[in-house]
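Okay, so here's the structure we're looking at.
The values are calculated or read from the model by the stated rules, or taken from the named source; none is laboratory data. Only a predicted model underlies this, so the values are computations on that prediction, with no experimental measurement involved. Positions of Cβ are backbone-derived with ideal geometry, glycine not excepted, and every protein chain shown enters the neighbour counts. Note: areas computed on protein heavy atoms with side chains; ligands, DNA, RNA excluded. Shrake-Rupley method; radii C 1.70, N 1.55, O 1.52, S 1.80 Å.
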Amino acid sequence: MSGTTRVPPPDNEPVFSYAPDTPQRAELKAALTEVGRERPDIPVIIGGEEIRTGRTHPIRAPHDHGHCLGVWHEAGAEEARRAIANTLEARREWAAWPWEDRVAVFLRAAELLRTTWRARVNAATMLGQSKNAFQSEIDAACEIIDFFRYGAWFAEQIFDQQPHSDVGIWNRIDYRPLEGFVYAVSPFNFTAIGANLAGLPAMVGCGVLWKPSKHAVLSNYHVYRLLEEAGLPPGVINFVPGDPVEITAAALGHRDFAGLHFTGSTGVFQSLWTTVGRNIAAYRSYPRLVGETGGKDFIVAHASADADALRTAIVRGSFEYQGQKCSAASRAYVPQSLWKRIRESLVEETNGLAMGDPADFRNFVNAVIDRGAYDTITGYIERAAAGPGARVIAGGDFSDADGFFIRPTIIEAENPAHESMCDEIFGPVMSIHVYPDDRWAETLDLVDRTSPYALTGAVFARDRAAVRQAMSALRYAAGNFYINDKPTGAVVGQQPFGGGRASGTNDKAGSAFNLSRWLSPRSVKENLAPPTSVEYPFMASE
Ligand code: NAD
């Protein structure tokens, strides 16, 4: 086919409401029943071949430990090595495909997910990762569709960038996929992150080894199957759930390791970076390292802020998906005058949030992901309750009898350096420091200095000068900055996502910045009138 083609202009996928009596609600409820009963035996998938290693793990619903949703087979070093060899082989042909054909696979996947696959992928996310219908919809349905549609469009924009050519010369850029393979390591908390980490490097022609989180194997497996149905050739992405240490050693120890696409905790990313540094001389190319990691995301309110808007942002921004969003608000700074006005209603609203099984659509909050998270989060709550420097003013209860349930909790921290104001807790815990109204500038400085992270943050103020002051004082404190809005819920194509400082390399998921990291441009100069003599005109005698 000849012609300069254009991908369909993307739009953000509309979010279904799942309100009572909508057909989507009925379809999702039916899918929850089906996915809840299926109990798949999930293999490692290499070159399209299903490999059952026999080292199996049950998948348990975090809100109901007694409910086994299936089992998955664990890959180790041997499967990782096999998968890398297979990816390198599959990549050879895939990288040579016209970009339109590669992109078409992902546009088809977006279309399948928009229609026939939507309820299934949502149900797997709701049950396996304990997410309510709305939180799952914005993640596993809409964000994946957006990543794929916008990814195709960003790829076109990048490929469109071609250099100037002087007379007699034709300059071009060949956007080569990285030589080697990309290692995609994804977290539990967003199904869409797995789809993005593995999918976008593949879209621009790379071969990918995808190691999903053990807590998201069910939904991520469905995403892999979706890509397969959309026409992704075997081996372009190999699906390798398994031992993170063994798989990582095989990947980062391989000569053809070309890029790391990571999202997860800061400590793990730093350890992977250290390993890459140690191995640097052994690689064929300098690997691209893209990592989005932890956060200690803030809301800072000025005395002029709207009280209702602030209270709503604190509740939604801190407790949706049990605070297990890298972007979740987990520390707030509220002036005394405003605190007097919102304290009671904030506590009441927080204590009134319904909690339970995500299949019961009345619930706002569900369970945290596993026992480890439960123990860590409840430890912070217990230490805050014991004082000094802080006290629990809402929530604070928890139970692991049926599932890992922790009531949304608010800590009032008199000490702004209390651990609950500084550490990433990654659960439904918001710590609030109340400051004297006349210490606005000092408080902005405190926000900036308190945490090593710089992922998301929000300022609430009606006074425009205060907004400007916060924008300036907190310029490097957040990669995603919000004015009079909660710091969560970034939308692909609208608020490219990522943070600086200890929060990551800020390569902005869902943007052309990110896609360009998986490309190694080759400049091609063609001389249409090559010189035929060595001497330059200035050398001629007068
Ligand atoms: P995690 O770091 O425990 O796991 C992430 C991935 O790393 C998983 O696939 C895991 O198996 C793998 N892993 C764990 N230990 C490893 C090791 N020693 N070697 C190699 N790989 C290893 O993170 P998580 O609990 O899945 O996710 C929560 C974390 O992710 C939070 O810190 C959160 O802030 C962060 N996160 C950040 C963003 C962002 O965009 N900045 C988005 C989502 C999550």
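Within region 11-26, does at least one residue satisfy the condition of being part of a strand (DSSP E or B), touching a residue at least 12 places away in the same chain (Cβ under 8 Å) and either open to solvent by 20 Å² or more (accessible area, probe 1.4 Å) or closer than 30 Å to S399 by Cα (or both)? The answer is no; no qualifying residue exists. Residue selection: G180 satisfies the criterion of being more than 24 Å from A373 (Cβ to Cβ), in contact (Cβ under 8 Å) with a residue 60 or more places away in the chain and either open to solvent by less than 10 Å² (accessible area, probe 1.4 Å) or among the basic types (K, R) (or both). Would you call I299 in contact (Cβ under 8 Å) with a residue 60 or more places away in the chain, within 16 Å of the ligand (Cβ to nearest atom) and not charged (D, E, K, R)? Considered against the rule, which asks whether it is in contact (Cβ under 8 Å) with a residue 60 or more places away in the chain, within 16 Å of the ligand (Cβ to nearest atom) and not charged (D, E, K, R), I299 comes out as no. The requirement of being in a loop (DSSP other than H, G, I, E, B) and touching a Gly at 6+ places or on another chain (Cβ under 6 Å) is fulfilled nowhere in region 394-404; no residue meets it.
Residues considered: R362, R449, R383. Of these, the only one that is in a helix (DSSP H, G or I), modelled with pLDDT of 95 or more and under 30 Å from R60 (Cβ atoms) is R383. List pairs: first residue in region 502-524 and closer than 24 Å to G267 by Cα and at pLDDT 95 or above, second residue assigned to a loop (DSSP other than H, G, I, E, B) and more than 16 Å from the ligand (Cβ to nearest atom) anywhere in the structure, Cβ distance under 9 angstrom, at least six positions apart or on different chains. These pairs meet every condition: R517/L178; W518/L178; W518/V204; W518/G205; W518/C206. Taking the listed residues R114, R149, R118, the one that is more than 18 Å from A184 (Cβ to Cβ), surrounded by fewer than 23 Cβ atoms within 10 Å (Cβ to Cβ) and under 23 Å from the mean Cα position of the chain (by Cα) is R114, with no other qualifying.
Does region 437-445 include one or more residues that are modelled with pLDDT of 95 or more and within 11 Å of the ligand (Cβ to nearest atom)? Looking for residues that are modelled with pLDDT of 95 or more and within 11 Å of the ligand (Cβ to nearest atom), one finds none in region 437-445, hence no.
Checked against the criterion of being within 16 Å of the ligand (Cβ to nearest atom), modelled with pLDDT of 95 or more and at negative phi, the candidates S130, S186 yield just one match: S186.
Pairing each residue of region 268-286 that is without any contact (Cβ under 8 Å) to a residue 24 or more places away in the chain and open to solvent by 80 Å² or more (accessible area, probe 1.4 Å) with any residue that is away from the ligand (no atom under 14 Å from the Cβ) and assigned to a loop (DSSP other than H, G, I, E, B), provided the two are 6+ apart or on different chains, yields no C-beta distance under 6 Å.
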